[in-house]
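Participant: Sharing a structure below in structure tokens format, with a few things to ask.
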Number of protein chains: 2
Amino acid sequence: MSGGELKLVEAEEPEEHDYLLQEQVGFILRKAHQRHVSIFAAHIGDLTPPQFAALAKLRDVGETSQNQLGTLIAMDAATVKGVIDRLKARGLVELSKHEVDKRRLLVNLTAEGRDAIERLIPLAREITRETLAPLSAKEIATFTKLLAKLA
Amino acid sequence: MSGGELKLVEAEEPEEHDYLLQEQVGFILRKAHQRHVSIFAAHIGDLTPPQFAALAKLRDVGETSQNQLGTLIAMDAATVKGVIDRLKARGLVELSKHEVDKRRLLVNLTAEGRDAIERLIPLAREITRETLAPLSAKEIATFTKLLAKLA
DNA sequence: TTGATATCATTTGCATACGAATGAATTTCC
DNA sequence: GGAAATTCATTCGTATGCAAATGATATCAA
């Protein structure tokens, strides 16, 4: 009977597993993110992706509260504080108190910060290009659309 | 002349930017990863994704050196050390010295670690399912294939 | 065989990332 | 108006993640 034979074959490969880490989205997502960060670092060595995100968003929206900025770039309050502290220490952003709502800490680009982000944006375009380089133009469109659905 | 009118319209929207952070792969990749980690934590609260990855891979390959394990789960030597230290402190893995090559530190699951990973794998399946829930079956196949190309 | 290289692991330093606790200020609602 | 709930920000603790330096061991090659 084939049932008996199958059992014999299985006994010869007891290490067969039905759960493969390499196939789980979470694991691949983590690796893809790692690769992107590595590409980023190769092009922009003196700024991290979160720091760049903060500057780029401030360029978009102008002065905002630290918390609001955090929401816009998907960082919780504790994380965004550290990022802004470091940008402030480097003179790329400046902080001020909100006149009306005394809880709020306003963040804005300095002249130097504005120069920096304008200078870095072409490099950021290249980083995006290089990150997506393994895909064709059509695949890029598909991938970006699906990824956005998951984010 | 329409050229003049266009200039006027542009002058009314001086904040127009040609670089949008929300559209960059790196930024969306980071958000998608964040969402996955959040889903993971909701299902498996007492283990992080990297810790789970280490256990799952040890289940796959059996005893290996710490460095080799790091390669298999995409972690550098410094990071994997911290992960293994914590798993060892919780009794889920055990360490031993390689008999021949004295540089190597062998890592293996304990009985408790094996029980834990077997128990967690069904939850991990559900985590993968929930992470991909915004996509249809066909989209999942496409997305996974493209994501793997980027990782 | 020995000197140069390479590999394995550890440590240090820095930068996210987030939960939880805290305090200050504001808003809501009765 | 005032208590309760909410919002903004900070701090603490824990856990990745990686570069760089270091030390121990192993391998390679002249």
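The values are calculated or read from the model by the stated rules, or taken from the named source; none is laboratory data. These numbers come from a predicted model, not from an experiment. Please note: Cβ atoms are built from the backbone with ideal geometry, for glycine as well, and neighbour counts cover all protein chains shown. To get the accessible areas, we keep the full protein, side chains included, count just its heavy atoms, and leave off ligands, DNA and RNA. Shrake-Rupley method; radii C 1.70, N 1.55, O 1.52, S 1.80 Å.
Participant: Considering A:A116, A:A74, which residue is on the phi > 0 side of the Ramachandran plot and of a type in the set (A, V, I, L, M)? Even if it seems obvious, please write down each step before you answer.
Facilitator: Numbers: A:A116 fails: on the phi > 0 side of the Ramachandran plot.
Within the list A:A116, A:A74, the selection yields A:A74.
Participant: Can you pull out every residue in the range A:26-53 that is touching a residue at least 12 places away in the same chain (Cβ under 8 Å), more than 15 Å from A:R86 (Cβ to Cβ) and either within 10 Å of chain B (Cβ to nearest Cβ) or within 11 Å of DNA strand D (Cβ to nearest atom) (or both)?
Facilitator: A:R35, A:H36, A:V37, A:I39, A:F40
Participant: Take A:A56 and decide whether it is near DNA strand D (Cβ under 8 Å from one of its atoms) and either in contact with a Cys (Cβ under 7 Å, 6 or more places away or on another chain) or aliphatic (A, V, I, L, M) (or both). Reasoning before the result, please.
Facilitator: Values: near DNA strand D (Cβ under 8 Å from one of its atoms): no; either in contact with a Cys (Cβ under 7 Å, 6 or more places away or on another chain) or aliphatic (A, V, I, L, M) (or both): yes.
Taking the combined requirement at face value, the residue does not satisfy it.
Participant: Among the helices (runs of 4 or more DSSP H) contained in the range B:36-151, which hold 1 or more residues that are open to solvent by 70 Å² or more (accessible area, probe 1.4 Å), farther than 23 Å from B:V25 by Cβ and acidic (D, E)?
Facilitator: Numbers: elements: B:49-61, B:66-72, B:77-89, B:111-131, B:137-150.
The helices (runs of 4 or more DSSP H) meeting that bar are B:111-131.
Participant: Any residue in the range A:68-86 that is within 13 Å of another protein chain (Cβ to nearest Cβ) sitting within a Cβ distance under 9 Å of a residue that is among the acidic types (D, E) and not in a helix (DSSP H, G or I)? List the pairs, counting only those 6 or more apart or interchain.
Facilitator: What qualifies is A:G70/A:D76.
Participant: Looking at the range B:64-80, which of its residues are more than 8 Å from DNA strand D (Cβ to nearest atom), of a type in the set (G, A, S) and closer than 20 Å to B:A151 by Cβ?
Facilitator: Once the filter is applied, which keeps residues that are more than 8 Å from DNA strand D (Cβ to nearest atom), of a type in the set (G, A, S) and closer than 20 Å to B:A151 by Cβ, the range B:64-80 yields only B:G70.
Participant: While we're looking at this one, here's another question. In this structure, is B:V61 within 9 Å of DNA strand D (Cβ to nearest atom) and within 14 Å of chain A (Cβ to nearest Cβ)?
Facilitator: Working: within 9 Å of DNA strand D (Cβ to nearest atom): no; within 14 Å of chain A (Cβ to nearest Cβ): yes.
No.
Participant: Looking only at the range A:81-107, which residues are away from DNA strand D (no atom under 12 Å from the Cβ) and not hydrophobic (A, V, I, L, M, F, W, C)? Show your work before the answer.
Facilitator: We begin by selecting, within the range A:81-107, every residue away from DNA strand D (no atom under 12 Å from the Cβ); these are A:86-87, A:89-94, A:99.
Passing the criteria: A:R86, A:R90, A:G91, A:E94, A:E99.
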